[in-house]
1. Rank these for me by crowding, 196, 129, going from fewest to most other beta carbons within 10 Å.
2. Take the alpha carbon atoms of the stretch 95-135, find their center, do the same for the stretch 222-256, and report the distance between the two centers in whole angstrom.
3. Cα axis of helix 186-204 to longest principal axis of the chain: angle in degrees, 0 to 90, nearest 10?
4. Give the angle, between 0 and 90 degrees and rounded to the nearest 10, that separates the Cα long axis of helix 225-240 from the longest principal axis of the Cα atoms of the chain.
5. Given a Förster radius of 45 Å and the C-beta distance between residue 125 and residue 261 as r, what FRET efficiency does 1/(1 + (r/R0)^6) yield to the nearest 0.05?
6. Running a GNM on the chain with Cα contacts under 10 Å, which residue among 33, 66, 56 ends up with the highest mean-square fluctuation?
7. In nm, what is the difference between 0.36 nm times the number of residues separating residue 26 and residue 237 and their Cα-Cα distance?
8. Over the alpha carbons of the chain, what is the largest minus smallest coordinate on each principal axis, giving the biggest first in Å?
């Protein structure tokens, strides 16, 4: 914490401390004035109640302030002719009882207040930890652990955010992905998927890419078509440069995309479907290629 921030924090705490002291003093002085001017014969029950409330609300320090004012008023009230000097033996006993009663209130109510404040602080800390944990869990549930991309749960969450936007929607996958698992190993297959995910994030940004399922990936981008095509080329080049154990290990990919304006969630679902059809067309045409077309909105 910087010196200026530390000073501001201390100043704020000091201001709050004296604010509570003044409130506690004002409450007790007000009650003392009421019991005096209305000539209430036995004001101790009223004043001790105020002491309990003040200590319970504000804490031990403010309780001490209220207790001092109450005791001074009691000295005034029980002294002979209100001299605050001369007392009858009986009134001295009353003052002693008041003093002990105040001390007991301060000790027990003050401890209860301290325990309450500590519990509230602990609950706030635990609530903060729980909030952070829930946020981490929510983020984890929306991400694919292997590729680092968003998953289909995240896609459902994001659907409405793509309405009323010009988009390019592309489905893509690795050509002949099965052979990576069969001819190498599943570890190599996972490596292929992780490299695709890393390069998709590098080229299109994590906010635009989803692992749709298996080796299928979905890209939903607001980029102009020309820029999107340039990034497809950049992605394809990166996939050609991949290495495994220091040796060239190019990963051929294919994709299908549509471009147009999504006016509602139903449009996005149709764009994904059409992009998937274009991916199949790219596969049928020989793989390692990208097919695209304008989005055709279905008549309603």
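Each value in this text was obtained by applying a stated rule to the coordinates, not by laboratory testing. These figures come from a predicted structure and were not determined experimentally. Don't worry about glycine lacking a Cβ; one is built from the backbone with ideal geometry, like all the others, and counts go over all protein chains shown.
1. 129, 196
2. The two parts, judged by their Cα centres, are 61 Å apart.
3. Long axis of 186-204 versus the principal axis of the chain: about 80 degrees.
4. Roughly 80 degrees between the two axes.
5. On the way: r = 48 Å, r/R0 = 1.07.
Computed FRET efficiency for residue 125 and residue 261: 0.40.
6. Greatest mean-square fluctuation among the candidates belongs to 33.
7. On the way: separation 211, 0.36 × 211 = 75.96 nm, distance 7.72 nm.
Going from the current span to full extension adds 68.2 nm.
8. 113, 52, 34
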